[in-house]
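Asks: Structure in structure tokens, see below.
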Amino acid sequence: MRIVKEAEERKEEILDAAEKLFGVKGFDNTSTGDILDAVGIARGTLYYHFKSKEEILDGVIDRMTNRLMQNAKEVARNKELPVLERFTKAIMSLNVESKIGYEVMEQVHRPQNALMHQKMQTTLLAGITPIFTELLEEGIEQGICHTKYPESVIEMTMLYANTAFDELNIEGIRLDQRKKKIAGFIYNVERLMGMKEGSLQETIMDIFSRSRLGSGES
């Protein structure tokens, strides 16, 4: 007996299957046929929801980044916490926590999946800039930060971090070089945000200490 499902439910099933397959096999090695078999649908049904494998990729990335951004937004707006603590926790909330999420992110950072990597970075940057701009504006109101252009500062900081500490660029760099990069990053971000030197030392080092970048693991 053929099961007819609501369009949104079917779309979610396709994305669930694609996310798992991209995580295990990689985007390039996953075919639309693999996704069809995993979901148990006809090709016409797949193309009703997504016109191509690239469009499915967009859907996977959008869904994952929306979850991460929602997490960051909830943390950032918790006014019970000091603004710098919220800044730290909001950044940490952008880390994926599920096994499938880790597998997808590993694929994202592989050279052969450069398209997937670029799409996720672009989507995340557009979504999280307003969240962190609000935090910076709050820091300005409290006299912690001093800048006339908070949104531009956040954009530059995010681009700086994505470029300097992206796993595609950091892999193979010695631990002492990584530490130097981190120290330079903290110093320069404090300048961009108009903060006293050392203001972000504890905040940012806490972020790096919980990641592989600070430990030298690859």
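Asks: Arrange the peptides 178-191, 120-133 so that the one whose residues have, on average, the most other Cβ atoms within 10 Å appears first. Please report the intermediate quantities before stating the final value.
Replies: Numbers: 178-191: 15.7, 120-133: 17.4.
Output ranking for 178-191, 120-133: 120-133, 178-191.
Asks: While we're on this one: Return the subset of LYS53/LYS181; LYS79/LYS196; LYS11/LYS79; LYS79/LYS148; LYS25/LYS73 for which the Cα-Cα distance in this structure is over 26 Å, preserving the input order.
Replies: Working: LYS53/LYS181 37 Å; LYS79/LYS196 23 Å; LYS11/LYS79 36 Å; LYS79/LYS148 23 Å; LYS25/LYS73 32 Å.
In this structure, LYS53/LYS181; LYS11/LYS79; LYS25/LYS73 exceed 26 Å between Cα atoms.
Asks: Counting alpha carbon pairs within less than 8 Å and at least 6 residues apart, what relative contact order, in whole percent, applies to the range 1-57?
Replies: Details: 25 pairs, mean separation 21.3, N = 57.
Here the relative contact order equals 37 percent.
Asks: So, with +1 on the Cβ of K and R and -1 on the Cβ of D and E, and no other charges, what is the size of the charge dipole of the range 1-89 about its Cα centre, to the nearest 20 debye? If you can, show how the numbers build up before the last one.
Replies: Working: 16 positive and 17 negative charges, 39 e Å.
For this selection, approximately 180 debye.
Rule-based calculations on the coordinates, nothing more; no lab input. Bear in mind the structure is a predicted one, so any value in this text is a computation, not a measurement. Ideal geometry is used to build each Cβ from the backbone, glycine not excepted, and the neighbour counts take in all protein chains shown.
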